[in-house]
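Below: one structure, written as structure tokens.
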Amino acid sequence: MTKTVNVAIVGGGLMGREIAAALQRWPALIDHPVHPQLTAVCDINPAVLDWFDQIPTVTRTVADYADLLADEAIDVLYIAVRHDLHHQLYVDTIRAGKSLLAEKPFGIDGSAAEAIVAAVAANPQSFVRCSSEMPFFPGAQVALNYVRSGALGRIIEARCAFLHASDLDVDKAINWKRQARYCGEAGVMNDLGLHVWHVPLRLGWAPDRIFGVLQDIVTERPALDGGRERCDTWDNAVLHGWVSRDGYSFPLTTEMKRIEPGEKNTWEFEALGMGGGVRFSTKNPKRVQVFSLVDVPGGGREQVWSSLDAGSQSVWPTVTGPNFESGFSDAILQMLAAFLAEREDALGERFGCATPNEAAATHEIYRAAIRSHETGQVVRLGG
């Protein structure tokens with residue numbers, strides 16, 4: 001029998017609306033063990049809450065998230081608020097016994113992340129994961145499973161990137177994501193980083209060395225009062241790391257960029273090995289490229305890059321025809337499906353959302369990248 005789960009959203013902005021819309025598409029999933037319904041929304045801006053009036057299951061809107069924590073009928077909270085607020089809201093939610101799908105980063109810095117992880121350990125009744133939807137594209141899953149199959153052999157190198165051009169306009173007004181006191185010292189790494197580290201960390205590719213190349217490109221932006229204000233977060237970050245496994249090391253490059261001309265929310269993954277390789281980019285969401293060595297008539301072997309179409313199916317099966325294309329909203333639905341299935345211990349070996357430990361581990365990587373950039377030296381992690 002399908003279990004009903006009551007969901008509340010804290011933060012009714014862009015991602016809050018995306019989550020709400022995905023929940024309305026739940027019947028697209030086949031045989032999912034949970035039936036979630038959005039029952040409450042919290043935001044300090046009453047105008048934001050008006051949007052949720054169109055969802056009939058939403059029976060409560062509040063300005064204080066503590067009201068939701070005290071509501072015994074609410075099972076799960078999705079929280080999407082300013083980064084510097086994560087620590088308090090996440091810990092309070094966990095201690096209240098609610099399950100939590102948290103937006104990245106997992107706290108504004110390492111100490112905040114450690115406090116959240118400690119709260120999770122002390123409150124096992126609270127199921128907690130961190131949001132990272134891009135790896136739930138079907139093509140990303142094909143690429144991930146290809147690596148897991150061992151087809152690459154000895155890995156030569158890997159790369160994962162999340163690329164925007166959202167800050168290319170120098171006249172774009174400043175907001176909290178461009179101010180370190182709200183976004184954190186890690187800047188763009190806090191904002192986009194978990195998207196690029198989710199898959200490598202799940203594959204066991206935690207780096208033991210990092211060299212960071214960070215850029216603060218636009219140093220001031222228009223303020224709301226008509227003046228100019230310091231923009232003190234990193235706009236772009238490229239991290240060159242070394243991963244040690246199976247008795248050898250290989251380079252792993254991650255890119256997090258708010259200023260990458262020509263890009264709109266592009267997620268890319270590539271891994272190359274002595275036996276094979278794979279590439280995927282959301283810029284062409286159907287196509288997955290696979291490298292292999294093939295026997296040719298007359299003897300010998302040749303190198304071949306071939307392409308396949310990934311279709312619509314990802315982690316959880318849907319009613320969508322397998323030949324249809326998948327997009328960002330579908331990835332959000334798949335992330336929610338994975339989160340709620342794992343909460344019911346029904347996900348099995350399928351790909352799941354980022355764990356608290358994975359999310360917290362990114363902060364050590366970001367600290368190393370900042371230290372490397374400041375010193376011009378490679379920084380070792382884990383000791």
For this session: Obtain the nm distance between the two label points defined at Val238 and Arg371 by a simple spin-label model: each point lies 7 Å from its Cα along the Cα-to-C-beta direction.
Result: 2.3
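Percent antiparallel among DSSP beta bridges with both residues in the chain, to the nearest 5? The partial results should precede the final answer.
Numbers: 51 of 79 bridges.
DSSP beta bridges in the chain are roughly 65 percent antiparallel.
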Exercise. Label point 7 Å out from Asp67 along Cα-to-Cβ: which residues of region 20-44 have amide N under 18 Å?
Worked result: 38-44
For this session: Would you list which lysines come within 26 Å of Lys3, measuring only between C-alpha atoms, while excluding same-chain residues fewer than 8 positions from it?
Result: Lys98
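What is the Cα radius of gyration of region 3-130 over 2.2 N^0.38 Å, N being its residue count?
Values: Rg = 14.2 Å, N = 128, 2.2 N^0.38 = 13.9 Å.
With N residues counted in region 3-130, Rg over 2.2 N^0.38 Å equals 1.02.
So how do 33-39, 122-128 stack up, highest first, on mean other-Cβ count within 10 Å? Don't jump to the answer; show the numbers that get you there.
Values: 33-39: 19.4, 122-128: 15.6.
Most protected by this proxy first, the peptides run 33-39, 122-128.
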Problem set entry | Most mobile listed residue (Ser312, Ser281, Ser244) in the chain, GNM with C-alpha springs under 10 Å | Ser244
Exercise. In whole Å, what is the distance between the alpha-carbon centres of region 25-70 and region 77-98?
Worked result: 16
Seminar exercise, completed: Partner lysines whose C-alpha sits under 25 Å from that of Lys104, ignoring same-chain residues fewer than 8 away, are Lys172, Lys177, Lys257, Lys264, Lys283
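Report the charge-dipole magnitude of the chain in Debye, nearest 20, computed about the Cα centre from +1 at each Lys and Arg Cβ and -1 at each Asp and Glu Cβ. Walk me through the numbers on the way to the answer.
On the way: 35 positive and 47 negative charges, 150 e Å.
That gives the chain a dipole magnitude of about 720 debye.
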For this session: Springs between alpha-carbon atoms under 10 Å, Gaussian network over the chain: tell me which of Gly227, Gly311, Gly204 tops the mean-square fluctuations.
Result: Gly227
Problem set entry | the chain, helix-only ellipticity at 222 nm - DSSP H runs n ≥ 4, -39,500 (n - 2.57), divided by all residues, nearest 500 | -8500 deg cm²/dmol
Problem set entry | Estimated dipole of region 3-130 in Debye, rounded to 20 [Cβ of Lys and Arg +1, of Asp and Glu -1, Cα centre] | 300
Exercise. Using the reciprocal of the averaged 1/r over all distinct C-alpha pairs, how large is the Kirkwood radius of region 220-292 in Å?
Worked result: 15.8
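Provide Phe52, Phe280, Phe328, Phe106 in ascending order of the number of other Cβ atoms located within 10 Å of each residue's Cβ, fewest first.
Numbers: Phe52 20, Phe280 27, Phe328 16, Phe106 31.
Result, fewest neighbours first: Phe328, Phe52, Phe280, Phe106.
Where a ≥ b ≥ c are the square roots of the eigenvalues of the C-alpha gyration tensor, would you call the chain rounded, which needs a/c under 1.5, or, failing that, prolate if a/b is larger than b/c, or oblate? Before the final figure, lay out the partial values.
Details: a/c = 1.65, a/b = 1.22, b/c = 1.36.
In terms of gyration-tensor shape, oblate.
Which FRET efficiency value, to the nearest 0.05, is calculated for Met274 and Asn175 with the Förster distance at 35 angstrom and r the Cβ-Cβ distance?
Values: r = 46 Å, r/R0 = 1.31.
Result of the calculation: an efficiency of 0.15.
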Exercise. How far apart, in nm, are two points set 7 Å out from the Cα along the Cα-to-Cβ line at Arg95 and at Glu349?
Worked result: 4.1
Exercise. Taking the Cα-to-Cβ direction at Val294 and at Asn265 and moving 7 Å from each Cα, how far apart do the two end points lie in nm?
Worked result: 3.5
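At a 10 Å Cβ-Cβ cut-off, how would you order Val188, Val10, fewest neighbours first?
Working: Val188 27, Val10 24.
Ascending number of Cβ neighbours within 10 Å: Val10, Val188.
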Seminar exercise, completed: For the chain, the charge dipole (Cβ of Lys, Arg +1; Cβ of Asp, Glu -1; about the Cα centre) points to a positive end, and the Cα of Val81, Gln377, Gln54 closest to that extreme belongs to Gln377
Seminar exercise, completed: The farthest towards the positive end of the charge dipole of the chain, of the residues Phe269, Gln37, Ala119, given +1 on Cβ of Lys and Arg and -1 on Cβ of Asp and Glu, is Phe269
Exercise. Given the options Ala359, Ala47, Ala63, which has the most mean-square fluctuation in a GNM of the chain, springs set between C-alpha atoms less than 10 angstrom apart?
Worked result: Ala47
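How would Trp267, Trp205, Trp26, Trp305 line up from fewest to most surrounding beta-carbon atoms within 10 angstrom? Numbers along the way, then the final one.
On the way: Trp267 27, Trp205 20, Trp26 17, Trp305 10.
Sorted ascending by nearby Cβ count, the order is Trp305, Trp26, Trp205, Trp267.
I need the shape label for region 16-86. Rule: rounded when a/c is under 1.5, else prolate if a/b > b/c, else oblate, with a, b, c from the alpha carbon gyration tensor. Working shown, then result.
Values: a/c = 1.68, a/b = 1.53, b/c = 1.10.
Prolate.
None of the figures in this text is laboratory data; all of them are computed from the coordinates on show. The structure presented is a predicted model; accordingly, all values stated were derived computationally and were not measured. Heads up, the Cβs are rebuilt from the backbone with ideal geometry, glycines too, and the neighbour counts pull from every protein chain shown.
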